[in-house]
Structure formats: C-alpha cells, structure tokens
Amino acid sequence: MSNETSSYIAFAKKQANVGVHTPRRASLPPSWDDTDLLLPSTDDENSNKDSSAVEGEAAAAAAYMTSPSRHHHHQRNKSRSMSGDYSSLRASLLAQNSNLASVNQKMAEHLKSMLENVRRKTGTPMADAPDTVQLEAYRTLTTVPPFSYLPNQEIRALVKDLHLLEYQDGEVIVQQGQDQNQSDRDVYVLAKKRVVLVRLNLADGMISSSTNSTDSISNSGSSTPSVDSSLIGRSSAKFVGYLDAPAMFGEWATLFDGVRDFQVIAGGSQVVVYRMSGERFESLLAHHHAFRLKLALGLRSSGIFADIEAFVAMMRRAVSHDGEDKFDMPAILACYRRMVPAIHANLHSSLLDLEGWTYAVRRLPDSITSTYTYLLSNHVPMPFMHPHFRLQDVFVKTVARRRQAFALDHGKLLVVMREKFSDVLDFVSLLCCHLHESAKLRTKLVRPSALDVIHRCLWAPERRLEPSFPLGDRKLLYHRCQSSTYATASIAEQKQALAQLPLTAEEQQGLQALWPKDFLYRIWDIICLHENIQVRSDLTAAAVDATDRWAERIRRAVLDLLAANRTQPGSTGEEPSDLCLRTEIVTHIISSNTTSVRNLLSPYLLQRKAEIYEWGSKAHPEIMGHNVLSDSDKFCALCNAYMKHHGQKAIQEQEEVDGACFKTLRSTELTGIQVELLDLDALDAVYAKLNIAPDPFLASCFPDYDPETKSWKEPKKLCGSKQARLLVNIDYAFGKQAEQLISSLSLLFGKSVASVGVMGKAGGLQGRRGDIIVADYLVFQDGDEQTLIDNTGVDREALHTLSQREVHSGGVLTVLGTLLQDSRLLNFYKKLYGCVSLEMEGSFYARELRRYKKAGLLNDDVNLRFLYYISDTPLSQDQTETLSSDMSLAEVIPPQYAVTRALLKPVLEVRCDNEAMYL
C-alpha cells in the first residue's frame, strides 16, 4: 500500500463517523444482467449467471446481510452490527423450531430490526483533508467519465466539495426506493474496492421511508424506514451485478427526480466512496457542455430508453412488412405495456387511467369500441374508388386528430395514413392505450352480477318494440344494433345502471365524460370485443404520391395568383404566366394554424372590424368582457365564430374581397394539409384601395400606410416584376409528414425561399400553459441530432408584451410520438440537452432544409424561425395543465396570435426592389 493511500485511509478512519447510516436510493444504468440471481455462493464468479431467485425473507435478508466479498476477497468483519451470519442464524432457528412459517416470521423480524437501526453516514469534508488525500481524490475523478472531461481547475474545486466515506463489508451505501421528501439526490464516486448492486422486488408498501430532508454534506441526519414485516415473505431479490472502482453511481436520482432503482452494498472492507450533493452535480451539468454530452452518450449507450426504442423498432418492422401486412398486435401490446408513458402514467395501476384513456380515445375514430379490423393505408384502395361508393357517406369522425377514417362494414374500418411512419406509430400507440384500459375495465366487470345489470338496462323486455310498430323517427341503438328492435336506453337509465357496477365514483364520472351519450353501450362493446383485433396495412409506394399531387396544385395556384395581379408592359394581361418560381419571386413559408394568419391579414375581416365587435358584444360577451385579452386579440378570437355564424354567405363575400391577394387550397389529396397563398404586394394594393387599417402591431410593415392619419398613399397598379413577394402558409403537419411537405416545397421554389417559419403547440418542460417558446435549437429524439435555429427578426420583448406571458428560450425536443415519452426521457433532454419544450415536427423540417442547403437547392442564408406556445406541462403535477384538459381563452388566444404576429412581421418587412413592379 502506497504512503498516499495509507494516509488516506488513516485520515478517513480518524475523521469519519462510521456509525450506522440512513438508507439511500440506488440508481445505475440498466446494462447489468437483470436475471433473478442469488448472491455468489462459490469462489467461481461465473456461477452468478446460473443461480436462481430466492423468494421470501431469505432473499431480502441476503440483499443486506450476505457479503459477496466473503467469497471473493476475505471474511466479513464479525464485530460489526450489520454483518451477522445469516446462514448461522437461520440454521439456529430451524434447529429450535421445525415450523418453517415461524422461522420465516422471526427472520422477517430480524430484518425489520436491522432496517430500523440504519443511520446515514455524515462523512468527512474533503475541504479539511490533507493535500495527499485531496490529490488521491483528484486522481480518482480524472479517471471517471464524465468527470474526466471537466477542466482541471473545476476538478480541483469539485474535490473540496466532496465528502469521504468508508464502508465495511455488507453495509448499505444507497437504499432502493422512494425518499418521501426526495432529499436523497446525492451522487457517488467509488474510489476503492467494489460494490454490489441488488434490486429488491418488494411487495407494495413494504418499506416507506420517512426521511426528513437534510443537507447531504454538512449535517448528519437519520431515517427510520417503516417496514411491514408481514410483506417481507412475499418479496424477492435480483442480483444485478458488480461495480468496480473507479466508477460513478447514484446519478439517476438527480437526473430524473425519481426513485433509486437499486440497493448498493459495500462488497469488501474499507470500501471508499466520495459523495457530492445533487445540487453540485447539477451545477456541473449547467456549466460544462462536454460533461453533459459525455454523460448523455454514456446513458444512451447503457440502454436507458430500451423500452421505448424496442416499441419503435417493432413498429418499424411492422410498417416495412417483412413479408407480412398484418401487425402482430399481441406482441406490440405487450411491448407497449413495458413502457411508462408520461401521458399514460397509471398504465401499471389496476385503477383506470381515465386521463390517459381520454387522451387516446379523442384521437381515435369514434367507432373504436366496436371495431375489430383496421386497414391502415396511405391511399384509398381501388374497390372503394368506384363512383357508386361514396366514402363520405361512411366517414367516421375523430374528435382531436385530423384523421380520415371510413366504415367499410360492420366492425371494419379504413384509416388513411398521411405518411408511413409517424401517423402509423401514433395510431397504433393510441390504440394500445385504449386496448390496455379496456382490458382493465373488462377485468372489473366480467362477473355475472355486473353483466346482468347492464343487460337488464339495455335490453329489458319492456324496451322491446313490436316488429309491426312503425318506428318513424324513433332513435335506436348505434349501427351495431340497428337490426334489433329495442329502444335506446335514456342517459338517466344508463346512469342508474352504471351506479350499480363495481367501479369507483371517479371511474364512473370519467366513463360518462368519455362517452356522454352512450357510455353504457360503449362499456358493453368493450366487454364483448376483447383485444382480439386485427390491424393490417397497405402502405405501398407510388410513382406519384399524395404529396406530389399536393405540390403540383400549389404550383398552378401560385402562377395563377401572381399572374392575375400582374401584367407585363405592353401585354393584354391574357397571356399565360411565364414566372419562374425558383428565381423570380421571394418566397416565405410558414407552417401555422392557417386561420390565425388569415384573421390577422384578411381585408374582408379588417374592413368589418367594427361590425364584428358589435356582433361579438351580443353573441359572445365572454370574449368582449375578458379582462386578459387585448382589443386586437378579442377581434381575432371573434373572427372564426363570426364566419361560422354567418355561414356560406360570409365565406363567399370573403372570397370576393380577399381573392385579389389570397388563394386557398382546401385540404385534399389525402394530405389533410390546407394551404393559404398570399401575394404580399397585392395585399398592399388591396389595403390601400379599401383604406384598411392593418393590425396595430403589423402596421409599421407597410411603408405606404400612415398610422397617425390612418390613411394610405394612392394605390399603384402592379405590373411584371422579377421579384414578387409570396407567402405560402401551410397548415400543421404531423410528425414525419413535415419532412415530405418541406421537401416538396423546397424542390418547387428552390432558391427563391427566403425564410421558413414554424409555429404551433408544444409541451413545456418549464413554465406554464400559454407561455411562449423560442427554439434556439432543435434536438431529434431518434439519435439526438441537433439543429441550430437563427430566429432572425424575432422580437422576444414584443412576444412578452403582446401575450403578457413568459418567454422561454432553449432547445426544443422533437419526439417520435406523444405516447413515446416518459418522465425519465423528458428529464434526460431537459437536464442534459437544455430542452425547454417538446413537439413532433420541428426536426423533420430542419433536417430536410439542411439537406437541401447542402445540395445547393436552397440558399445558405434562408432564415429559420421556430416559435411555440405551451399547451401542457408533462412533468408538472398540476392536473389542470395536461393534454386531456381544455385550454382557456387566456391560455390560447394571446400566445397564439403573439407568435403569429412575430412570424409575420419580419416577412412583411422584407421589401424587394420593386421600381419596375408598378406602372
């Protein structure tokens, strides 16, 4: 032993409080073998791989009492209170009493007594240690990633913030389980010897820590875990593996704000550990990018998201067919059940997860409870394209997702996919959520008494109608029961029956909210349907797909719009346009809610602002009297309701007034994407002609408008120009569909594209609903690819002023699906990549734009602007900020229109050299 090591151990023994210690939560990457194993019982370490799990108190006690180093290094120190010989104790008890149950009870009491005497070690502050001891700690840190990637000066400073602890054979270093006050967030560095990792599969409620929150560095504290000894016999332990020095452990509790997943036990005498507080560890994450990235790469390689990645991989195989067009739904559902989605948080609870179920059902076709065969296709199959087969007559509505679904026959549904991956992944994961919760509900209700209650309510003899009775307009059951002759049960009758079912009051209310008009019929469908469903796919590749046809419609519409507003000098205006879309226009592309752009810029609506205000004061006093909305936001909030109220007449009038500068392409060609084309130069002319006052925030973008006099200069007639200004406003894309859309637009407009703006809703990893997100960079979940966003021209102060909400800047995570995220994943990207929100399309847009820049089809100086507003906060415990609860006016209107204005202003401010444009 070196002199430095000797002085190190001597100092530790002298200074450290080596009394019993508080249980600590353990957390290590899941790369260890997770097979049920006993701790080693022979000198051959390879025997670990062949041992079997031991049930009951023996396994639980072994996790604490059995010392692996006893078999690999040396005998346990018999003088310590934690190192009693478990085997001798059990043998002694068996000799005294042959009743195994009695022995088990006594062993449980022994374990309980041991646990209740555990104390937390205070440790020795390294700041007071001799230079030789500090040097040893410095050398240890330089060999342990990610600390080895810190600057030397930071490592030296970190050494002084550590605490030194020494453990003897069999002592518990970190305790598995949840700390009630979440005060145990320390991170550990193993300096000497070895530790053993064990996962205790304890019965629910066996150990509940009551630790008071204490400072993990300066003050000693205590914890007395409460143990229900009656449950110990129903637990087991898994030997996970060894960890040899030098190494780091315990960081997961800090990163993911979760429980310790493992029990970490000293595997020899004089096991030396350095402990740092979770706050100090997080400060390293905040200030050292290389440290963060190395930690992220290490966690990724350890398989931290293995369950999510396995589900995605299974779906990729299903979509690619591999010779099969039928999805293996039992396997897919089993894979889904291994995840813990943030939205489906109670997946593993026996109680119904009504919040997650509501989210899924609202995004699935309405006939989901009575459908047993699904055909997922990216086109309408040939038999259904016959002129006599009217698909719209069998359209099935989806409440909260833009989804095309058609009932082909009883129990059979055609669902048209917008693209071949994201939409399929979304649909199947939502379907899995629905199937899982349906199975939980069926388990509760498949009993004679419950089935009899439902049957008597829905098909009571007195409800039967005589076959000869003229039905007239009498309501019958859903299409599944139209051939029967039973009148529909009223909502009151359904409620009365529901109250008799073995469900909690909360579950009854949730099911009524899920299907307000026919909840009991839906429950019966679920009982009868089971999960015996089929999902088939027909996702064939086509020479000309829907996106190509969509782009061709845009090309023709752009040429018609620009040609209609311009005449070449000396021409009659009747010749076909010969504009080149790639060179003779300046194109700005925005992905947004198309109605928000139209409401801000429409000459028809702005011309009728006073009329809309007057109508709104009568029809929607809740909007006009809202104390949060500005006058401009009130106007925008009323526009959609005004147009809907006045019907087709208002739509025709708007087309007549706005037609000179707007052209709308309705969502067709199976893309589900509406497009608004706006000739920005023609917009100036129409405003001037009708003397329309623009939106107050955007008024400065029109140089010919005088906001003081609220008047325009004399309008000028447009003529041919080499650079017309065009805005292409496309509706929200979905997932990977964004990649296809921006690819087609990039190929169509080429180097004429001057900017691309993306806006939409996002989940917030900080802040509250309605807050605004400015994406400084995007991070793609599939590979952690990053893209910087310049956001040129975005006024962040104006965003705050317009919305009266907080504005957050940072990374935005692009996830593969709304159900393919859990709290661990969200904390991973929040703390290691600085993400402040998440969405589903941004990285698909960004990486395709980067691809075309590299190919020379787009200019390198194309401006990118990505702005969002928070629709939910998945890491928050506030149940009012989830996707299953509706947003209020104050949470939607101000941020939505603030973001829209912020995207439009730099677009409208761009002015070309248009001297030749006007006659």
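The values are calculated or read from the model by the stated rules, or taken from the named source; none is laboratory data. Bear in mind that the values here come from a model prediction, so they are computed numbers and not experimental data. Note that each Cβ is placed from the backbone with ideal geometry, even for glycine, and that neighbours are counted across all protein chains shown. We work out accessible area using only protein heavy atoms, side chains counted, and drop any ligands, DNA or RNA first. Shrake-Rupley method; radii C 1.70, N 1.55, O 1.52, S 1.80 Å.
Computed from backbone phi with θ = phi - 60° and the Karplus coefficients 6.51, -1.76 and 1.60, the 3J(HN,Hα) list for the range 814-824 is 9, 8, 7, x, 5, 9, 9, 8, 10, 5, 5 Hz; x is used for glycine and proline. Computed from backbone phi with θ = phi - 60° and the Karplus coefficients 6.51, -1.76 and 1.60, the 3J(HN,Hα) list for the range 633-646 is 5, 4, 4, 5, 5, 7, 4, 4, 5, 5, 5, 5, 5, 8 Hz; x is used for glycine and proline.
Got a number for carbon plus sulfur as a percent of the range 737-830's accessible area, 1.4 Å probe? Accessible surface attributable to carbon and sulfur in the range 737-830 totals 44 percent. Among Ala345, Leu376, Thr443, whose Cα lies farthest out toward the positive end of the dipole of the range 313-469, if unit charges sit on the beta carbon of Lys, Arg (+1) and Asp, Glu (-1)? Among Ala345, Leu376, Thr443, the one farthest towards the positive end of the dipole of the range 313-469 is Ala345.
Order these peptides, 550-559, 454-463, by their mean beta-carbon neighbour count within 10 angstrom, highest first.
Working: 550-559: 17.1, 454-463: 14.2.
Sorting 550-559, 454-463 by mean packing, highest first, produces 550-559, 454-463.
If packing is taken as the average number of other Cβ atoms within 10 Å across a peptide's residues, how do 616-622, 400-406, 446-452 rank, most packed first?
Details: 616-622: 13.4, 400-406: 18.4, 446-452: 11.6.
In decreasing order of mean packing, 616-622, 400-406, 446-452 become 400-406, 616-622, 446-452.
For the range 606-711, the solvent-accessible area works out to 48 Å² per residue, with a probe of 1.4 Å and every protein chain left in place. Computed from phi, the 3J(HN,Hα) profile of the range 753-767 under the Karplus parametrisation 6.51, -1.76, 1.60 (θ = phi - 60°) reads 6, 9, 7, 10, x, 10, 9, x, 8, 8, x, x, 8, 8, x Hz, with x in place of Gly and Pro.
In this structure, the residue pairs whose Cα-Cα separation is over 31 Å, taken from Lys420/Lys444; Lys495/Lys618; Lys440/Lys644; Lys713/Lys905; Lys294/Lys420, are Lys420/Lys444; Lys495/Lys618; Lys440/Lys644; Lys294/Lys420.
Near Lys440, once Lys and Arg are set to +1 and Asp and Glu to -1 for all other residues with Cβ below 15 Å from its Cβ, the sum equals -1.
When you count the other C-beta atoms within 10 angstrom of each residue and take the mean per peptide, 822-835, 496-509 line up highest first as 822-835, 496-509.
The alpha-carbon positions of the range 258-297 define a convex hull whose volume is 123 Å³ per residue.
Accessible surface for the range 300-406, divided over its residues, is 48 Å² per residue with a 1.4 Å probe. Expressed as a whole percent, the accessible area of the range 357-468 that falls on carbon and sulfur atoms is 56 (1.4 Å probe). Take every DSSP beta bridge whose two residues both sit in the range 761-869; close to 40 percent of them are antiparallel.
Summing charges over neighbours of Ile789, with a neighbour being any other residue whose Cβ is under 15 Å away from its Cβ, gives -3 when K and R count +1 and D and E count -1. Scattering from the C-alpha atoms of the range 575-679 alone, worked out with Debye: what is log10 I(q)/I(0) at q = 0.13, 0.14, 0.18 1/Å? Cα-only, vacuum Debye calculation for the range 575-679: -0.59, -0.67, -0.98.
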